[in-house]
1. How big is the accessible area of VAL455 in square angstrom, nearest 10, if you roll a 1.4 angstrom probe over the protein chains?
2. Out of all DSSP beta bridges in segment 3-163, what portion is antiparallel? Express it as a percent rounded to 5.
3. Could you tell me what % of all Cα pairs in segment 16-95 have separations over 15 Å?
4. With all protein chains present and a 1.4 Å probe, how do HIS283, HIS472 order by accessible area, largest first?
5. Going toward the positive end of the dipole of the chain, with +1 on Lys and Arg Cβ and -1 on Asp and Glu Cβ, which of ALA462, SER142, GLY448 do you reach last?
6. Between ASP439 and GLU90, what length in nm is gained on full extension when 0.36 nm per residue of separation is reduced by their alpha carbon distance?
7. As a quick test, which of the pairs LYS28/LYS115; LYS267/LYS482; LYS31/LYS153 have an alpha carbon distance above 29 angstrom in this structure?
8. Assign unit charges at the C-beta atoms only (+1 for Lys and Arg, -1 for Asp and Glu), then state the dipole size of segment 185-500 relative to its Cα centre in Debye, rounded to the nearest 20.
Amino acid sequence: MTALTLSTAGAATLRADAVVVGVAKGAKGAKGPVVAVGAEAVDAAFDGKLAAVLETLGASGAEGEVTKLPAPSGLKAPLVIAVGLGAAPEEDGAYPAETLRRAAGSAARALAGSKKAAFALPVGDAGDAQAVAEGALLGAYSFTAYQDAGNGKKPLAEVALLGTKPRDKAFKEAAGRAVAVAEEMNRARDLVNTPPNDLYPESFAAVATAAGKEHGLKVQVWDEKALVKGGFGGILGVGQGAARGPRLVKVAYTHPEAEKSLALVGKGITYDSGGISLKPAGHNETMKCDMSGAAAVFAAVVAAARLGLRVNLTGWLALAENMPSGTATRPGDVLRMYSGKTVEVLNTDAEGRLVLADAIAKASEESPDAIVDVATLTGAMVLALGHRRFGIMANDDAFRAALHETAEEAGEDSWPMPLPGDLRKGMDSPTADLANMGDRMGGGLVAGLFLKEFVGEGITWAHLDIAGPAFHEGAPFGYTPKGGTGSAVRTLVRLAERAADGDLG
Ligand code: BES
Ligand code: MN
Ligand code: ZN
C-alpha cells in the first residue's frame, strides 16, 4: 500500500525520486502552458524557464498530459513530472478538487516503479490536499496478485504532499480521510478484480467477516440453510444453479451517538453468466464485475468505521453466482421472495433485481432513515449514460437530488433518472405478482421500478445503477485503472458523512 506523508519541505530540498508539478493551459491567445502554484522552487531551478522548456517539449497543459523532464542541478530529486491541469482557474481561483485528483492520479501512475515522489501541486487548503492525496493513492493502485512478481512495476511506494501543514488539524483530518477513502476504494477494486474462481459467495463472505472484524463491525452471514429457513427465495433462486451456494451478509457499523441510520444494499453476483438465459459470447468476459455494488457497499461501511462517523450504517451484501445447470432456475419458474411477493422469472439474466429485492426487503425491517442500493444492474443504463457516470433513481425526488449533489461533492459523475409509472404494467405476469422483466425500452428504469416494489412502506430509497462506471476496459486515465474502479464508494462515504451531520436531503 502506498504511504502518505504531509510535508512543509520545499520542492527543491526534499529527497525523492521525482517531484510532481502542475502545468495549466495558457490564457487564450497566449502561447505555451503556464506553471501552476506550488512549482515555484522547481521553476527557479530551471531559471524561471520551466514553462518554456515544457513548451519546447510540446506540452500544452491539457488534462491528463504527463511530461517527464530530467531535473536541473539545484533540485534534490532527479526527475520532474509535469502533469496537465487543463484550463487555469480565474484570478486567485482554485482548481476543482476533481481536477487535482485526476492530475495526481496520472502522475502517480506514471511513477510506478519509483519509491518516493514529492507532490508540489497547487494546494490551497485542506480540501485540495485531500483531493491530491486521494488521486495519488488511487492512481498508484495496481492489481498484480495473479502475476509473477518480476512481471510489472511496483506501485509508487511513498507520496509526500508538499505545501501542507503536518501539525494542522484540518490537514491531518484531510489526510486521514483521503487514506481511508482511497484504501477502501482500492479494497473494492481488489474484490472486483479477483477472478470469480477465487471470489465466490462463500469466499466473499469470509473476506467480509475477517475485514469487518478487524474494523470493529458486526458481521452476520446467512448460508444456504439459513436462507432457506428465512425464506429468501430471490437470492436462493439466482444461486441454485451454481456449484457454490449463495450468501447474504450483513455488516453493521454503529456509533453510540448516532442520530441517523442508513442501510446500503449491494448487488453481489460474483459471476453473471446469464444462467439458463445464457449471455452470448462477448458479453460475459467481464462479468466478474457484477459484484461491484456489494464491493462498494462493504468498502464504504469499513471507511465509515475507520473514520468513526457519527452514524449507524448497515451494509447488506446479496451474494450469488448466476450459472446454468440442471438445478438452475428456468425461465418460467416462479420464486416466492422474502417479502412474500411472487416473481415469474422470464429471463434468468435479470438476476440482480432478484437478489436485491430480498436484501432490500430484509433491510427495510430495521426501518432505517434511508436505503441506498448499488448495482451493476442493466446494460440499458450503460447505453443511456455511457461508461463514466451512474444513474440515480429514487422513490423521493429530494433524496434523488441529494444523492446527485453528494456524488458531485465526492467527485463522481452521476445523473438523475425517473421511475415512470407507465413502465410498471410491462412487468405484469399472468402467473405471479410480477415478472422480472418488462419493456426492453427504458430497461434501466424498469429494473428500478422492480426494486421499488420491495422497499418497505414509507422508507426513503434510492438506487444507483453503476453498470457503466464500475469496470473500466479502456486505457487507464487520471486515477482510474483498467478493471474495477471503486465506483460509488466515495459517494456512499460522503452520504454517510452527510447523515452524520443530520443532512440526508
Ligand atoms: N449484470 C448485468 C448488467 C450489466 C451489463 C452489468 C453490462 C455490467 C455491464 C445484468 O444482470 C443483466 O444481465 N441485465 C440484463 C437485464 C435484461 C435481461 C432485462 C441486461 O441489461 O441486458
Ligand atoms: Mn444478468
Ligand atoms: Zn448481473
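The values are calculated or read from the model by the stated rules, or taken from the named source; none is laboratory data. What you are looking at is a predicted structure, and each value in this text was computed from that prediction instead of being measured. Because the Cβ atoms are built from the backbone with ideal geometry, glycine has one as well, and the counts that use them run over all protein chains shown. What goes into the accessible areas is simple: the full protein's heavy atoms, side chains included, and nothing from ligands, DNA or RNA. Shrake-Rupley method; radii C 1.70, N 1.55, O 1.52, S 1.80 Å.
1. About 20 Å², ignoring ligands and nucleic acids.
2. Numbers: 7 of 26 bridges.
If I count the DSSP bridges inside segment 3-163, around 25 percent turn out antiparallel.
3. Working: 1612 of 3160 pairs.
When every Cα pair of segment 16-95 is considered, 51 percent fall beyond 15 Å.
4. Details: HIS283 110, HIS472 35 Å².
Ranked list, largest accessible area first: HIS283, HIS472.
5. Comparing the listed Cα positions along the dipole, SER142 ranks first.
6. 120.8 nm
7. Working: LYS28/LYS115 38 Å; LYS267/LYS482 21 Å; LYS31/LYS153 36 Å.
From LYS28/LYS115; LYS267/LYS482; LYS31/LYS153, over 29 Å: LYS28/LYS115; LYS31/LYS153.
8. Numbers: 31 positive and 37 negative charges, 100 e Å.
Value, rounded to 20: 480 debye.
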